[in-house]
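One structure below.
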Amino acid sequence: MSLAGTVQALLDDTLAAYPRVVTLRHQRHRWTEPLRVAVAGRAGAGKSTLVNALVGDRVAPVAAPGDNCTVWYQDGSGPRATAYPRDGEPFELPLTVTPDGPRTGQIDGDLVIHWPSRALRQMTLLDTPAEGASLDDADAVLHLTPAARPADLTPLRAPQQSAVARATPIATVLVLSRADEVNGGRTDAFVTARQIARRHGRDPAVRDVCLRVHALGGLAAATARTLTDADFETIAHLAALPRTDTDGALLSTDRYLRAGLPPDLLHRLGLPGVRLATVLVRTGHDTRLTLAGELARRSGITELRDTINRGLVARTEALKARATLLAIESALDGQWTPRTDALRARLGRILAEATEFREMRLVAALPELPVRFTAELEAEAHRLAGGDGTDIPSRLGLDEPTGAPAMRRRCDEALLRWQVLAEGGTADRRQRRAAAIVVESCAAILDRLGV
């Protein structure tokens, strides 16, 4: 039986033993939905800006709908808002779409914004109201913080205390959300910010609490996805002016505004983003599409979206299984029944046997193994464990359609190679453990091919 089937069977039996636990009933419904990804962090960390960048539209409300309101973003046929008050029945909330984003009324509860978006077909985004808010409704988390200091990592440590959390892959991506402010906001800020993110990603204290670390210039990322012809014409006009006219004006916000430059562009891109966009146009990115593409790449949103798609969305089944097992564990810990011990034993077997969980941990750990595989072997391990996609052709590195016999031969060759490494072909214990997981992945591929 698949991981999803095994976990859902355990959920059904746990519900029979704990019929009054509402969170377990909610888990059944969650299996029919897209992946739920929470955008978390302190107020002002740039959560709404990241939502706009991921959706590719100005979808986040212009004014906060409430201090304690979680805003859910779901795919829909057209823009509309549904309020879920803490006391009372859901109701449609008036939604006014403006050039700066939608406007809604205040609500004490949750707000669901339905918005037509290809990104939202794959995942539902939850913009949490403040740091410390419950993330139980989420399958994965994007945690925004300006830095990765120990105090900034504290909110990520508490959820790792449960047995399920320790045994399953970490479902949090850490986003350093002020990449454009590094180096005083100079045009090389984004490059330096990526280097800082990679350095943090090699820190064991950081790797213990997150799947990846990304640097993001949120304003540049959001504007890159929504850059209009008028925006481009304004930037091109700035780039065409003599540098003696623009360089001084781009030193500070006050000088920018005193020079009579467009305030809307400053609001959307920020001063570092305006500097960068101007330089990019001067150096050859002289169409709207090429400028938008380079802004997206430099901002970090392209890399972040790749991590979300390959590391989270492609692993939707495993992450939903993880969330369900956490809910089951909480129910079992809350009250003993005559069936509790048997249910707990089944939960333990799932944690011990689920290849999907070990694969996710391996893909995250491969770049940081103390003793590295060769580049070719590391790339193959990453691919076979589903790092480039969880379908069989992606795991086997096949770009063209191939029949099952050819895929079996290719997988058999990889299986033999990794069995040798797992059984003593390498001297390092952690490498042998990693190789053993790749062997499991190959065996799972052969099983799916009907061997």
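Observations
- When segment 411-427 is filtered for residues that are of a type outside the set (A, V, I, L, M, F, W, C) and farther than 15 Å from Leu377 by Cα, the ones remaining, listed by number, are Asp412, Glu423, Gly424.
- Scanning segment 104-130 for residues that are within 20 Å of Asp67 (Cα to Cα) and either in contact with a His (Cβ under 9 Å, 6 or more places away or on another chain) or aliphatic (A, V, I, L, M) (or both) yields Ile107, Leu111, Val112, Ile113, Leu125, Leu126, Ala130.
- Top-ranked residue in segment 18-65 [being at positive phi and in contact (Cβ under 8 Å) with a residue 60 or more places away in the chain; ranked as surrounded by the fewest Cβ atoms within 10 Å (Cβ to Cβ)]: Gly56
- Annotation note: of Asp127, Asp139, Asp110, the sole residue that is crowded, with 19+ Cβ neighbours inside 10 Å, touching a Cys at 6+ places or on another chain (Cβ under 7 Å) and within 24 Å of Arg322 (Cβ to Cβ) is Asp110.
- Among the candidates Arg166, Arg157, Arg149, Arg103, residue that is surrounded by fewer than 16 Cβ atoms within 10 Å (Cβ to Cβ), touching a strand residue (DSSP E or B) at 6+ places or on another chain (Cβ under 8 Å) and not hydroxyl-bearing (Ser, Thr, Tyr): Arg103
- Among the criteria (1) at pLDDT below 90; (2) within 18 Å of the chain's Cα centre (by Cα); (3) within 28 Å of Gly293 (Cα to Cα), the one Pro99 does not fulfil is (2).
- Filter pass, Val274 being touching a helix residue (DSSP H, G or I) at 6+ places or on another chain (Cβ under 8 Å), closer than 23 Å to Lys47 by Cβ and hydrophobic (A, V, I, L, M, F, W, C): yes
- Within segment 262-341, helices (runs of 4 or more DSSP H) holding 3 or more residues that are in contact with a Gly (Cβ under 9 Å, 6 or more places away or on another chain): 263-282, 288-299
- For segment 9-102, the strands (runs of 3 or more DSSP E) that sit wholly inside it and include 2 or more residues that are under 29 Å from Leu304 (Cβ atoms) are 35-41, 71-75, 80-85, 96-98.
- Listed by position, the helices (runs of 4 or more DSSP H) enclosed by segment 143-227 that each have at least 2 residues that are at pLDDT below 90 and closer than 21 Å to Ala364 by Cβ are 150-157, 163-167, 189-201, 204-207.
- Selected residue (only one of Asp245, Asp254, Asp231 is at pLDDT below 85 and assigned to a helix (DSSP H, G or I)): Asp245
- Condition met for Arg372 (under 27 Å from Val173 (Cβ atoms) and either crowded, with 17+ Cβ neighbours inside 10 Å or of a type in the set (Asp, Glu) (or both)): no
- Test: residue in segment 346-354 that is at pLDDT below 95 and in a loop (DSSP other than H, G, I, E, B): yes
- If you check Thr124, Thr154 for being in contact with a Lys or Arg (Cβ under 7 Å, 6 or more places away or on another chain) and under 30 Å from Gly348 (Cα atoms), only one passes: Thr124.
The values are calculated or read from the model by the stated rules, or taken from the named source; none is laboratory data. Bear in mind that the values here come from a model prediction, so they are computed numbers and not experimental data. Quick reminder, even Gly has a Cβ in these numbers, built from the backbone with ideal geometry, and neighbours come from all protein chains shown.
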